[in-house]
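Contents: one structure, followed by commentary.
The values are calculated or read from the model by the stated rules, or taken from the named source; none is laboratory data. Nothing here was measured: the structure is a model prediction, and the numbers come from that model. Positions of Cβ are backbone-derived with ideal geometry, glycine not excepted, and every protein chain shown enters the neighbour counts. Each accessible area value is taken on the protein alone, full model and side chains, heavy atoms only, with ligands, DNA and RNA left out. Shrake-Rupley method; radii C 1.70, N 1.55, O 1.52, S 1.80 Å.
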Amino acid sequence: MSAALIGVDWGTSNLRVMRIAQGGAVLDSRSDPRGAGGLTPDRFRDVLNDVAGGWLDESLPVLVSGMAGARGRWREMAYAPCPAGVDELARAVARPDDAAFVALVPGVAAYRDGRLNDVMRGEETQVVGLDAPADAVVVAPGTHSKWIRTAAGRIVDFRTFMTGELFAAVRQATILGADMGEPGADDAAFADGVRRGLADPAITATLFSVRIEGLAGRLSAAASADYLSGLLIGAEVAAQADASHRPVILIGAEALSRRYAAALALGGFDDVAIADGAAATARGLWRIHKACS
């Protein structure tokens, strides 16, 4: 198979450049820690040249999704309003002033009563690469988790939860984080936290249970990070309980997606699948590129 597109997934903290074949299969991939969050507009082209290297000599089209289109980055891209699918995204792509061979994918915005309510960049490309069933929910866990509702392959609504960022902030900057171990080792403590978060999603109150459980001798310092993670994810799932009858597709880091799948099961979601996020991004980029042609 020969490459037909250079696809770029430019996150806040990391960069992935892919050689993509027709249909969206990834032939080669390169990663780099120079995410969009640390770059000024004049640096993006040089970083892309550095990471893509000789791939750019093939004179293939280059399509970029993610935070390269954020305010203050390579070129600020307007958000496409919901409902948005491949065609809407393709119509809104644009090129930065210093790289006519590059096109940037816009983000997507949700509005309520004519007012901007939520935004995303990057996840929209994954969604259009998923072949999600009608009326599905795509959950992209991470620093800012997204719960994205779809219909006929288009994004119709979504909501952002700052779960990952709040987890890090609590561990690093509150009394609850003192002597806290690393997450990922105690599934039982995680499940206990999920159940507590589901039962009482008033998270600013239930967070203090991390300390109470420790003082009572029911939670060790080594397990407290997993319990905290469960609390936060459980509250997130509780806030979306009205979607429990819909199929859910998780896209994200494998270990975190497995944790979300466990939390969703405890929350009454019985149709949950885990998708390959990198593959979905590549297919999404290919489909947007083809719609631009």
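Is there a residue in region 84-96 that is open to solvent by less than 30 Å² (accessible area, probe 1.4 Å), farther than 29 Å from residue 241 by Cβ and modelled with pLDDT under 95? No, region 84-96 contains no residue that is open to solvent by less than 30 Å² (accessible area, probe 1.4 Å), farther than 29 Å from residue 241 by Cβ and modelled with pLDDT under 95. For region 104-115, enumerate the residues that are open to solvent by 40 Å² or more (accessible area, probe 1.4 Å) and not in a strand (DSSP E or B). Once the filter is applied, which keeps residues that are open to solvent by 40 Å² or more (accessible area, probe 1.4 Å) and not in a strand (DSSP E or B), region 104-115 yields 113, 114.
Which condition number does residue 80 fail, the rest of (1) within 17 Å of the chain's Cα centre (by Cα); (2) under 17 Å from residue 284 (Cβ atoms); (3) buried (at least 20 other Cβ atoms within 10 Å of the Cβ) being met? Among (1) within 17 Å of the chain's Cα centre (by Cα); (2) under 17 Å from residue 284 (Cβ atoms); (3) buried (at least 20 other Cβ atoms within 10 Å of the Cβ), residue 80 violates only (1). Entry remark, region 137-146: residues being open to solvent by 20 Å² or more (accessible area, probe 1.4 Å) and either among the polar types (S, T, N, Q) or over 28 Å from residue 169 (Cβ atoms) (or both) number 1 in total. Taken across region 112-124, residues that are at positive phi and within 18 Å of the chain's Cα centre (by Cα) do occur, with at least one present.
Taking the conditions exactly as written (free of Cβ contacts under 8 Å to residues at least 40 places away in the same chain, outside any loop (DSSP other than H, G, I, E, B) and either acidic (Asp, Glu) or open to solvent by less than 10 Å² (accessible area, probe 1.4 Å) (or both)), does residue 118 satisfy them or not? First the steps, then the outcome.
Values: free of Cβ contacts under 8 Å to residues at least 40 places away in the same chain: no; outside any loop (DSSP other than H, G, I, E, B): yes; either acidic (Asp, Glu) or open to solvent by less than 10 Å² (accessible area, probe 1.4 Å) (or both): yes.
No; evaluated as a whole, the condition is false for this residue.
Within region 212-228, restricting attention to residues that are out of contact with any helix residue (DSSP H, G or I) (no Cβ under 6 Å at 6 or more places or on another chain), among the hydrophobic types (A, V, I, L, M, F, W, C) and assigned to a helix (DSSP H, G or I), the residue that is least open to solvent (accessible area, probe 1.4 Å) is 225. Within region 22-59, the residues that satisfy the criterion of being surrounded by fewer than 16 Cβ atoms within 10 Å (Cβ to Cβ) and either in a strand (DSSP E or B) or aromatic (Phe, Trp, Tyr) (or both) are 27, 28, 29, 30, 31, 32.
Residues that are open to solvent by 50 Å² or more (accessible area, probe 1.4 Å) and in contact with a Ser or Thr (Cβ under 7 Å, 6 or more places away or on another chain) within region 149-195 comprise 156, 165, 183, listed in sequence order. Across region 256-276, the number of residues qualifying as in a helix (DSSP H, G or I) and open to solvent by 10 Å² or more (accessible area, probe 1.4 Å) comes to 7. Residue count for region 281-293 under the criterion of being surrounded by fewer than 24 Cβ atoms within 10 Å (Cβ to Cβ) and of a type in the set (A, V, I, L, M): the result is 1. Here is the figure for region 125-137: residues that are part of a loop (DSSP other than H, G, I, E, B) and under 18 Å from the mean Cα position of the chain (by Cα) total 5. Among the candidates 202, 253, the residue that is open to solvent by 10 Å² or more (accessible area, probe 1.4 Å), closer than 17 Å to residue 263 by Cβ and of a type in the set (A, V, I, L, M, F, W, C) is uniquely 253. When residue 134 is tested against the conditions (1) at positive phi; (2) open to solvent by 10 Å² or more (accessible area, probe 1.4 Å), the lone failure is (1). Could you list, in sequence order, the residues of region 188-207 that are over 13 Å from residue 228 (Cβ atoms) and in a loop (DSSP other than H, G, I, E, B)? The answer is 200, 201, 202.
The one condition from (1) touching a His at 6+ places or on another chain (Cβ under 6 Å); (2) over 30 Å from residue 259 (Cβ atoms) that residue 160 does not meet is (2).
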